[in-house]
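What follows is a set of notes on a single structure, which appears directly below.
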Amino acid sequence: MITGTFTALITPFNEKGKIDKKALKNLAIEQFKNGINGLVLCGSTGESSTLSHDEHNKIIDIVIDAIDNKIPIIAGTGSNSTAEAIAMTKDAQKAGAFCSLQVVPYYNKPTQLGLYKHFKLIADTVDLPMIIYNIPGRCGINLETATLMKLAKHPNIIGVKESSGNMIQIMDVINQRPKKFSVLSGDDNMALPVILMGGNGLISVASNIFPKKIVHMINSALVGDMKNARKQHYYLLEFFKAMFIETNPAPVKTSLALMGKIKPIFRLPLCKMQSENKKRLLKVLHSYKCL
C-alpha cells in the first residue's frame, strides 16, 4: 500500500522554454533531503499537457538519475487517448518508474464503461502499477465509485488520487476499497480530513515549497497524532489556499521563481500571474517567511 507525502513536482523551464535540467535536479534532490516519500512527475502541476513525449521521458530520466531511485517515482503518463497513454506508460516502465499516474480521460467525456475499458486496457497491457487520478474539474467527467471499485480489483491498479473535492464520494471509496488499495488526497487542504476518514496520504502541490512541514503534518495524521496534525493543517491553510489564487501551477511556480529556485517561465496557454493576484501571493509568501 502506498502511504505518505508525494510531491507533484513542477517542471522548470529556462529562458528558451526548454526543460531546465539543473533546476529540475536541484528541486528533486531538495525534496528527497526533506523527507518526501516520493515524487509525481509530469502531472497537472508539471504542466504535462504542454510536454512532448520525449520531454516526458527526459524528465523521468533526469529525476531518477538525480535521486538514484532512493524514493519512488510516479510518472504521469495519462492521456485522453488510450493508445497514447499505453505508449507513454511503456516508456515510463523502461525508464524505471515505480508506477504511473493515469488521469481520467479529458475532453472526450467517455461513459463509465468507456472509462473502465480505458484504464483496464492500460493495466492489462503494461505490467506497471497504476494510480488513477480523478479530477473532474479539469477533465469534465467524474469517475464514479462503482467504476473505480471494479478497476480496483485489477492487480496493477493500486490506488487513486482523489481530487473530486467531494468528501462523500471519497468516504465511499475508502469504505468500499479492497484492503491494499491506497486513497491519496489530491488537494492539500483536504488531506487531513481524508486521512482522518481512513485515507493513506497526499499528492501535494504545496510541498514544492514546504516539503518538511507537510511531511510532518501527514506523518502525524497517519500515526494518529491529530492534535499535532491539526495544528500544522491550520498553520498551512492560508498557504494551501494561496496556491490556487490562479490555476495551478501558476502560483507555485511563481513562488519558486521569487525564491530564486527556478525561472518564471510557463508554456502557453499558461502564463505569468495577473498583477493583483501576484500581489496577493507575495503577501502570503512574506507572511510565511518564504522571501
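Nothing in this text is a laboratory measurement; each read-out follows from the coordinates by a stated rule. Because the structure is a prediction, the values reported are computed rather than measured. Glycine gets a Cβ as well: all are built from the backbone with ideal geometry, and neighbour counts include every protein chain shown.
Here are some notes:
- Cα-based reach from LYS94 at 20 Å (exclusive), listing aspartates and glutamates while leaving out same-chain residues under 8 positions away: ASP54, GLU55, ASP61, ASP65, ASP68, GLU84, ASP124, ASP127
- Cleavage-rule hits (chymotrypsin sites (Phe, Trp or Tyr not before Pro)) in the range 83-130: DSSP loop, at most 13 neighbouring Cβ within 10 angstrom: TYR107
- Principal axis dimensions, the range 1-98 - Cα atoms, whole angstrom, descending: 40, 36, 21
- Cleavage-rule hits, trypsin sites (Lys or Arg not before Pro), the range 1-41, DSSP coil, Cβ neighbours within 10 Å at most 13: LYS16, LYS18
- By the helix-only formula, in which each DSSP H run with n ≥ 4 contributes -39500 (n - 2.57) and the sum is divided by residues, the chain has a 222 nm mean residue ellipticity of -14000 deg cm²/dmol.
- Residue (of SER185, LEU196, ASN34) at the positive-pole extreme of the chain, dipole from beta-carbon charges: ASN34
- Gain in span if fully extended, ASN69 to THR125, counting 0.36 nm per residue against the direct Cα distance: 17.7 nm
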